[in-house]
Structure formats: structure tokens, C-alpha cells
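To start, the structure under review is shown below, and the notes come after it.
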Amino acid sequence: MSYQDDYDLWKEEIGGVPSDEIKLPNRPVDEYAASVETLAVDANQDRDALGAAGMDVTLIDELTPLAGALRYCQAVWMGEYRFRQEAQKEWGEQSPAAFELRDGLLHDFSFAYRNDADNHKRVMRIREGGSNADMVQDLYELAELGAKYPDPLTAINFDLTKLDLARATSETMAELLAAYNGTAGETSPNKVTRDKAFTLLAEKAGTVREFGQYIFWKDEEKRKKYLA
């Protein structure tokens, strides 16, 4: 089975882990998954002894596919995380020019529409916000305003191609902003799913380790195999 098949098998139970019981990984997920897969092999060799001590031996059979489900969840989350990190980097690189374009347009529009009360008020309203989201919206609104009332702009020899640039920049930055905002503390559903998968696996693996340490308390070599 593929890791995605493993996830599909465990999807419902993973989703059922209560949010207030979620545990976060305390070591690299791939290393943890590998350690559980090794535990499954060792525990299967001691299956009879573990069962004789009262452990439900089906736990042993669940470890490997659940570790695969965790690997799948980790891959999905890391794909999203890398995308978010790249978006944050691109925003940092591109936003200064976008803000500069917005500020330049506001300067030109304020002068061009200085004798047009209604449109000058529109420009002043657009000027009010200074956030990232405001900048994205401002570029779009300025492009629309300039396209609808171009005469005052041409009168001051304003380059009307800047309107197309403003509209295109607004669209590009809107997409980046949507991804960039995901780096600012927003909880990702994919990360939550990864954490739930880890929590479920850690609980089952923990039970197997407890029984193993109990049974083989006098056999140091075997007991070590059940240490976390």
C-alpha cells in the first residue's frame, strides 16, 4: 500500500482525535515514523509475550500503516509549508515595488483630479489605508478610476500604461498575499491533520512500548528496543 492508501485507511480515526488532546512532534517526523516501523517489527517477534501480558496485539499490526499515514500527512503539510515560505519570500521581494507604484499613482491622481471634487474625494478615500490588503485593493481601484476618467491624467502627461501595470500588479500581489497571510500564525488544516496523525500513532506506539518495557524489565537488550 502507498502512504496515501494508509492515510485513506486511517483518515476517519485521525480526524476523530480531539483538538484538545493533540500532541506536537518532539523530533523529526520521518525519524519518528521510522522508529515506530522498527518497533512494529520487534514487537511482532514478541507478539506472543506481549499478548500474554494482556496487550491487544492488533496494535502491532496498526503501527506500520499508521506510520505510513503520518508520513503522508507530513508530506502534504511540508508541501504547503514550503509554498507558504516561498510566498513570504516573494512578497518581501515584490511588495516594496508595489507599494512604490501605489504611492506614485496616488501622488499623480491627487494632482490630476485636484479640480474634480468627486474623483478627488475618491482618491483621498483610497489613500486612507496603508496595510498590505489596502495596497492590493488601492492598485485595483486606482486602475479602474484612471481608466474611467483618463482625461485629467492625460492632461498632466500621465503614462496611461501604468493603469494596466497597476491592475496586473494588484492581481499578482493578491495571490501572493493570500499565501503570505498563511505564514502569519494562521493554523493550517493540513498541519492539524499531521499533528492528529502523530498523536494517534504516539498513543498506540506508547502502549506497545509500555508493555514491552514491563515484560522485558530483566532483559536489558530487549527492553532497549521498547524505549522511545
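A short reminder: the numbers here are calculations on the coordinates, not readings from a lab. Because the structure is a prediction, the values reported are computed rather than measured. Because the Cβ atoms are built from the backbone with ideal geometry, glycine has one as well, and the counts that use them run over all protein chains shown.
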### Summary
Semi-axes of region 46-170 from the Cα gyration tensor (sqrt of 5 times each eigenvalue, largest first, whole Å) come to 61, 13, 10
### Task
Take the alpha carbon atoms of region 25-84, find their radius of gyration, then divide it by 2.2 N^0.38 Å using N residues; give the quotient.
1.39
### Message
Mean-square fluctuation check for the chain, GNM, Cα pairs under 10 Å: which of Q88, Q74, Q213 is largest?
### Response
Q213
### Message
Suppose R0 equals 22 Å. What FRET efficiency, 1/(1 + (r/R0)^6) with r the Cβ-Cβ distance, do A133 and K89 give to the nearest 0.05?
### Response
0.70
### Query
Near K222, which lysines are there with a Cα under 26 Å away, not counting those fewer than 8 places off in the same chain?
K204
### Message
What distance in nm lies between label points placed 7 Å from Cα along the C-beta direction at A147 and S2?
### Response
4.2 nm
### Message
Checking understanding here: applying a Kyte-Doolittle mean of at least -0.5 and a length along the axis of at least 30 Å (C-alpha), which whole DSSP H helices in the chain pass?
### Response
58-112, 189-215
### Task
Please report, in debye to the nearest 20, how large the charge dipole of the chain is about its Cα centre when each Lys and Arg carries +1 at its beta carbon and each Asp and Glu carries -1 there.
420 debye
### Query
Within region 197-224, whose backbone N sits under 20 Å from a point 7 Å along Cα→Cβ of A49?
205-224
### Task
Kindly state, to the nearest 0.05, the FRET efficiency for N157 paired with T187, given R0 = 41 Å and r defined as their beta-carbon distance.
0.25
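Listed highest first by mean packing, meaning other Cβ atoms within 10 Å per residue, what order do 45-55, 63-73 come in?
On the way: 45-55: 14.6, 63-73: 24.1.
Per-residue Cβ counts within 10 Å, averaged per peptide and sorted highest first, yield 63-73, 45-55.
Can you flag which of K23/K191; K11/K191; K11/K225; K23/K224 are past 20 Å Cα-Cα?
Beyond 20 Å between Cα atoms: K11/K225; K23/K224.
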### Summary
Projected onto the charge dipole of region 94-183 (unit charges on the beta-carbon of Lys, Arg, Asp and Glu, signs +1, +1, -1, -1), the Cα from A168, A112, A98 with the largest positive-side position is that of A112
## Note on the structure
Per the Kirkwood formula over distinct C-alpha pairs, the hydrodynamic radius of the chain in angstrom is 21.9 Å
